[in-house]
Amino acid sequence: MTAEISIRGVTRRFGAQAALDGVDLDVRPGELLALLGPSGSGKTTLLRIIAGLEWPDSGTVMFGGQDAMERHVRERGVGFVFQHYALFRHMTVFENVAFGLRVRPRAQRLPRAEIARRVHTLLNLVQLDWLADRYPNQLSGGQRQRVALARALAIEPRVLLLDEPFGALDAKVRKELRRWLRSLHENVKVTSVFVTHDQEEALELADRVVVMANGRIEQVGTPAEVYCTPASAFVHEFLGDTNRLECRVEGGRALLADGTPIGRAEDIMGSAIAYVRPHDVTLAPAADGPGIIRHVHAVGPLAQLVVELGGVEIDVAIPADSWARLGAGRGDRVAVTVQAGTLFPQRATRGIPMQPLLPASPILSLVRNNTVYSGRPIHHPE
Amino acid sequence: MTQAGWISGWRKPSVLPGFGPALGTTLAYLSLFVIIPLGAMVLTTFAHGWADFVGAVLQPRVLAAFRVTLLCAFGAAALCALFGLLLAWVLVRYPFPGHRLVDAAVDLPFALPTAVAGIALTSLYAPNGWIGALLAPLGIQVAFTPLGILVALTFVGLPFVVRTVQPVLQDLEREQEEASAILGATRLQTFTRVIMPALAPALLTGFAMALARGLGEYGSVIFIAGNKPMVSEIVPLLIVIELEQFNYAGAAAIGTLMLAVAFVLLFAINRLQRWTRLQHAD
């Protein structure tokens with residue numbers, strides 16, 4: 001499969017600060033790709049370079065095998081949805097969507113009636129045909145967002161680029177639009193790249209996720225891959241809730257500072273950082289167990305606990321019914337099992353999986369496999 | 001219906017307090033400084049009767065002065081709109097050394113006594129002045145012709161356009177232009193279809209203010225105009241001349257006509273502006 005967009009060695013500096021530092025990336029035809037990272041990670045700069053709104057200091061951007069850098073932004077055939085939509089305020093919704101068709105050189109311009117037909121088709125697609133005569137300031141945020149999308153699609157772009165498409169919307173609208181955009185992408189199938197700092201958004205929406213930090217790509221993979229096998233400590237911390245435990249590995253066991261063992265790890269020795277997701281920890285009743293329950297928040301399907309283990313506090317999330325069966329409360333002692341985790345030895349670029357101290361029960365591993373392959377990791381409200 | 005009922009029906013309830021005092025102050029101010037003086041002038045004019053008014057106004061010299069004043073004020077306001085827009089554009093869009101100095105210099109025509117401006121312009125544009133000497137071989141004479149009036153009025157009117165357009169240009173989202181380019185528009189299309197419609201109301205305001213200033217300008221013009229009757233004599237000067245000859249009725253008549261013309265023009269521009277705003281539904 002040839003790449004729709006291929007980016008090689010793209011570097012962009014703002015003063016001494018490198019916004020992008022030798023980025024290589026391939027975008028496949030028809031996929032929905034998320035650029036995910038904290039603010040300042042260079043994701044928006046990368047998107048703007050793909051669009052042609054900014055230029056890299058070095059490196060190349062190819063569109064379907066052709067050098068895109070030779071083409072001016074208006075000739076690249078990209079659709080761009082701005083974070084704050086950038087709708088033309090003095091034009092109606094209809095005129096906004098028609099803009100890209102009307103500014104074409106006369107020879108390529110469609111007849112007036114054909115433009116009107118296309119605009120109405122697009123407005124129907126985004127379910128806004130009834131607002132065609134309104135001005136942008138008469139619309140809600142979600143409606144503006146959809147107008148911006150229709151306007152970007154009007155020129156039949158080969159690539160659709162979206163900068164924080166849901167950033168300016170409230171939580172409920174955001175969730176609806178996300179689902180809607182996903183189904184729209186399934187209908188239209190245009191190669192799309194969107195920028196977001198919201199890991200939940202990236203994992204739910206994208207075919208593949210590009211995790212960025214400090215102008216570099218940390219990992220590229222499907223949502224399940226980046227979530228379950230993070231390539232770096234950064235990715236592990238950035239995607240979903242996690243516990244960061246300093247430990248040392250001796251004799252195939254990972255030990256906390258006070259010597260409490262938390263898992264097995266082959267082939268490494270010395271100090272390391274263990275990342276453990278809250279839902280990868282299970283508790284069992286034990287009057288003399290090493291864990292002490294310090295805090296309980298048990299509203300909703302998951303009980304969120306803080307458990308003290310070996311002198312450190314660990315976030316634990318267990319299903320509400322397991323919590324009820326455990327029958328423990330604040331201050332009680334429990335046995336703690338870390339079912340899975342990732343160890344990052346010092347100066348290592350890749351993480352090493354950490355196994356539980358005792359082999360997991362067959363039922364538990366079945367549940368865990370399900371989680372992995374469905375591609376819908378469990379999320380905890382933050 | 002009682003008067004109170006009429007007022008309460010006309011006045012919408014508002015959370016802002018102090019409607020009464022605010023309206024009272026406004027009306028008192030407007031009366032003292034605007035309506036009473038202007039009203040007195042109109043009264044003086046028509047105290048002598050309609051025939052006298054028409055007779056005073058329909059003199060060839062008066063009509064010629066009106067023609068010169070209106071043409072020059074319109075021309076100057078148009079030039080101001082053009083160059084003011086350009087200047088505002090450069091000030092907002094291109095950072096250059098001395099940017100702040102130029103920005104401050106724009107306001108100088110506001111602060112400078114207009115007579116000083118007039119004398120400075122005259123000495124520059126006179127046939128033996130720095131610029132006048134360059135233009136003279138080309139057969140162009142600026143000082144002591146209507147062209148000189150145009151130069152003076154453009155000078156005093158420019159800040160109005162710059163200062164009304166500049167903030168709007170500053171607030172114009174850069175992203176709108178980027179969106180336009182991505183959608184395939186050329187720079188010219190972006191300018192005419194995206195930037196100009198957003199600037200039009202402000203530009204029109206600036207134009208109207210420059211025009212109003214040009215109609216009433218006196219100090220800077222009288223030095224450079226040469227003040228030849230029928231050629232380069234402006235209405236405000238004519239009024240002063242009438243006053244100096246103790247022809248108060250004539251002066252008041254010309255002043256009243258000037259007032260009417262200015263009011264009609266400004267009102268028309270105001271309506272036009274309202275219309276463009278509605279077009280853009282801001």
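The values are calculated or read from the model by the stated rules, or taken from the named source; none is laboratory data. Bear in mind the structure is a predicted one, so any value in this text is a computation, not a measurement. Methodologically, a virtual Cβ is constructed for each residue, glycine included, from the backbone with ideal geometry; neighbour enumeration extends over all protein chains shown. SASA here: full protein model, heavy atoms, side chains in, ligands and nucleic acids out. Shrake-Rupley method; radii C 1.70, N 1.55, O 1.52, S 1.80 Å.
Of note:
- Per-region count, region B:55-87, residues in contact with a Gly (Cβ under 9 Å, 6 or more places away or on another chain) and farther than 30 Å from B:Asn227 by Cβ: 1
- Considered as a group, the residues in region B:169-185 that are within 7 Å of another protein chain (Cβ to nearest Cβ) and under 34 Å from the mean Cα position of the chain (by Cα) include one that is surrounded by the most Cβ atoms within 10 Å (Cβ to Cβ), and that residue is B:Gln176.
- Close Cβ contacts (under 9 Å, 6 or more residues apart or on different chains) running from residues in region B:99-111 that are assigned by TED's automatic domain parsing to the domain that holds B:Pro159 and farther than 13 Å from B:Val161 by Cα to residues that are surrounded by fewer than 12 Cβ atoms within 10 Å (Cβ to Cβ) and not polar (S, T, N, Q) comprise B:Val102/B:Phe96.
- Residue count, region A:271-282 (criterion: open to solvent by 30 Å² or more (accessible area, probe 1.4 Å) and either farther than 13 Å from A:Thr342 by Cα or not aliphatic (A, V, I, L, M) (or both)): 3
- Hits in region A:83-110 (condition: more than 30 Å from B:Arg274 (Cα to Cα) and either basic (Lys, Arg) or buried (at least 21 other Cβ atoms within 10 Å of the Cβ) (or both)): A:Arg104, A:Arg106, A:Arg109
- Condition check for B:Gly157: within 18 Å of B:Ala111 (Cβ to Cβ), open to solvent by 10 Å² or more (accessible area, probe 1.4 Å), under 14 Å from the mean Cα position of the chain (by Cα) and of a type in the set (Gly, Ala, Ser): no
- A:Ala254 meets the stated requirement of being within 28 Å of A:Thr229 (Cβ to Cβ) and either touching a His at 6+ places or on another chain (Cβ under 7 Å) or not β-branched (Val, Ile, Thr) (or both).
- Elements of type helices (runs of 4 or more DSSP H) contained in region A:170-246, each with 1 or more residues being in contact (Cβ under 8 Å) with a residue 60 or more places away in the chain, under 16 Å from A:Thr342 (Cβ atoms) and among the small types (Gly, Ala, Ser): A:223-228, A:233-238
- Looking at A:Ile293, A:Ile318, A:Ile268, A:Ile262, just one residue is open to solvent by less than 40 Å² (accessible area, probe 1.4 Å) and either charged (D, E, K, R) or assigned to a loop (DSSP other than H, G, I, E, B) (or both), and that residue is A:Ile268.
- Filter result (in a loop (DSSP other than H, G, I, E, B) and more than 8 Å from chain B (Cβ to nearest Cβ)) within region A:77-86: A:Gly77, A:Gln83, A:Tyr85
- Residue match in region A:8-20 (condition: closer than 24 Å to A:Ser183 by Cβ, open to solvent by 30 Å² or more (accessible area, probe 1.4 Å) and either among the hydrophobic types (A, V, I, L, M, F, W, C) or part of a helix (DSSP H, G or I) (or both)): no
- Long-range neighbours under 6 Å by Cβ, at least six apart or interchain, first residue over 9 Å from B:Ala88 (Cβ atoms) and aliphatic (A, V, I, L, M) within region B:163-174, second in a helix (DSSP H, G or I) and open to solvent by 20 Å² or more (accessible area, probe 1.4 Å): B:Leu172/B:Ala198
- Residue match in region A:190-197 (condition: more than 24 Å from B:Glu178 (Cβ to Cβ) and either open to solvent by 30 Å² or more (accessible area, probe 1.4 Å) or in contact with a Pro (Cβ under 6 Å, 6 or more places away or on another chain) (or both)): no
- Among the conditions (1) within 13 Å of the chain's Cα centre (by Cα); (2) modelled with pLDDT under 90; (3) buried (at least 20 other Cβ atoms within 10 Å of the Cβ), the only one that B:Gly216 does not satisfy is (3).
- Where a residue in region A:44-68 is of a type in the set (Val, Ile, Thr) and its partner, wherever it lies, is part of a helix (DSSP H, G or I), with Cβ under 7 Å and at least six apart: A:Thr60/A:Met69; A:Val61/A:Ile49; A:Val61/A:Ile50; A:Val61/A:Ala68; A:Val61/A:Met69
- Hits in region A:88-126 - residues which are within 27 Å of A:Ile49 (Cβ to Cβ) and facing chain B (nearest Cβ under 8 Å): A:Phe88, A:Phe99, A:Gly100, A:Val103, A:Arg104
- A:Pro29 fulfils the conditions (1) open to solvent by 10 Å² or more (accessible area, probe 1.4 Å); (2) modelled with pLDDT of 90 or more; (3) touching a helix residue (DSSP H, G or I) at 6+ places or on another chain (Cβ under 7 Å) except for a single criterion, (3).
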